[in-house]
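The values are calculated or read from the model by the stated rules, or taken from the named source; none is laboratory data. These figures come from a predicted structure and were not determined experimentally. Cβ placement follows ideal geometry from the backbone for every residue including glycine, while neighbour counts extend to all protein chains displayed.
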Amino acid sequence: MRILIANPFGIGDVLFSLPLVYVLRERDPENYIGYLCNRRTEELVAACFPIDWHLVFEKDEFRAAWKRSRPAGLKQILSLVRTVSRIRFDLFIDLSMGWHYGLGAWLSGIPRRVGFDFRGRGRFLTDRLPLEGFHNQPVSRTILDLLSFLEIPLQNPLRHSLTLPKSIEQQVESTLRSHGISNGERLVAIVPGGGASWGPNAVYKQWPPERFLETANHLASRRGARILLVGNAQEESLCRTIADGLKTPPLAIQSTSLLFLAGLLKRCDLVIGNDSGPMHLAASVGTKTVTIFGPVDADVYGPLSDGAESRVAALGLACRPCYQGFRFPPCPWDNACLKQLTSSQVIAATEELLG
């Protein structure tokens, strides 16, 4: 079969779809698998996913083009449709939860279109799974529920691991050596930001930076760990706040690409951070993780990893998880689910993993 998967979301969401790709590949190695993603995740999908073809579509760029000029927006869509139709896909698996992608697949001549019907947006799909949100089971499991339409049985355990190009691992080792890090030196990454897709509400997913600082200083003094701070340009001030309080200067390594970041996280002995793309990336390359959860349900959105390699730090408050149906309500409790989580609780989780 020729199969096209559409997932226009971020790092974590794309990694949640990896078990689906593995099932389709292992079901029949002759399957031709295409993947539609956004530009941010393109490098990861193209280099590490067991696919044959990929296509980038930026919905924000399309919306901007449509607002500037309806003919220009229409031209962009028709170009996409022509590109997809040339491959003559048999099956479309839509993870976008938007009607536009199903329409594009229909216009491209894909006869069978399977996906989620979120708020009635699956109108152009031939097989629809009603969805109000992800609940009660990991997101990857809900994605795999779509295979029931195709009568494809599932096997445990689910494959979710990424294999990085050797060149990336060599680049990481060379970079670390240039910063004076030897092969046997313990390296711990701290991810104090995350939640970019939440926009102004991202702060509600973030543990207070002073707690990260306390945890990092403990690991540096008691475990002899070198600390690596991970953050994007928007999180520079957040990382600087932690760096200024560290008793030992942290490593300052600029991630030149998403693949390089994945290789850097793979080299770490442990990664500690908020629920975010980098944490999912760290788990997928097999690194031990301690992920901090506030409003989000860790049983649903937690990183895919083996239990022995990961821990979740979260409080059992009656109000959490409050993120339901892809909506985050106003918090009347001053973000208690994160502010009341102590550094000693997170440190205890790190000690379990480090032995």
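Brief remarks on what is shown
- The conditions of being crowded, with 19+ Cβ neighbours inside 10 Å, closer than 28 Å to E351 by Cα and in contact with a strand residue (DSSP E or B) (Cβ under 9 Å, 6 or more places away or on another chain) are not met by V172.
- Subset of region 28-58 (residues that are surrounded by 14 or more Cβ atoms within 10 Å (Cβ to Cβ) and either touching a Ser or Thr at 6+ places or on another chain (Cβ under 7 Å) or of a type in the set (K, R) (or both)): R40, E43, C48, L55
- Screening region 120-238 for helices (runs of 4 or more DSSP H) wholly inside it with 2 or more residues that are more than 25 Å from the chain's Cα centre (by Cα) and of a type in the set (A, V, I, L, M, F, W, C) returns the ranges 209-223.
- Test: P321 is of a type outside the set (V, I, T) and either under 22 Å from I181 (Cα atoms) or free of Cβ contacts under 8 Å to residues at least 40 places away in the same chain (or both): yes
- Condition broken by A47, with the remaining ones in (1) of a type outside the set (S, T, Y); (2) modelled with pLDDT under 95; (3) under 27 Å from G12 (Cα atoms) satisfied: (2)
- Only one of the numbered conditions (1) surrounded by 18 or more Cβ atoms within 10 Å (Cβ to Cβ); (2) of a type in the set (A, V, I, L, M); (3) assigned to a helix (DSSP H, G or I) is not met by V271, and that is (3).
- When region 190-205 is filtered for residues that are at pLDDT below 90 and touching a strand residue (DSSP E or B) at 6+ places or on another chain (Cβ under 8 Å), the ones remaining, listed by number, are G194, G195.
Okay, residues lined up against (1) of a type in the set (V, I, T); (2) modelled with pLDDT of 95 or more; (3) within 19 Å of I292 (Cα to Cα); (4) buried (at least 17 other Cβ atoms within 10 Å of the Cβ):
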site: S161; (1), (2), (3), (4): no, no, no, no
site: L164; (1), (2), (3), (4): no, yes, no, yes
site: S182; (1), (2), (3), (4): no, no, no, no
site: V188; (1), (2), (3), (4): yes, yes, yes, yes
site: W207; (1), (2), (3), (4): no, yes, yes, yes
site: A216; (1), (2), (3), (4): no, yes, yes, yes
site: A220; (1), (2), (3), (4): no, yes, no, yes
site: E235; (1), (2), (3), (4): no, no, yes, yes
site: C239; (1), (2), (3), (4): no, no, yes, yes
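- Residues satisfying the stated conditions in region 28-45, i.e. under 19 Å from I87 (Cβ atoms) and not in a strand (DSSP E or B): D28, P29, E30, N31, E42, V45
- Annotation: of all residues in region 94-109 being touching a Ser or Thr at 6+ places or on another chain (Cβ under 9 Å) and within 20 Å of I143 (Cα to Cα), the one that is surrounded by the most Cβ atoms within 10 Å (Cβ to Cβ) is G102.
- Test: G120 is out of contact with any His (no Cβ under 9 Å at 6 or more places or on another chain), at pLDDT 95 or above and surrounded by fewer than 21 Cβ atoms within 10 Å (Cβ to Cβ): no
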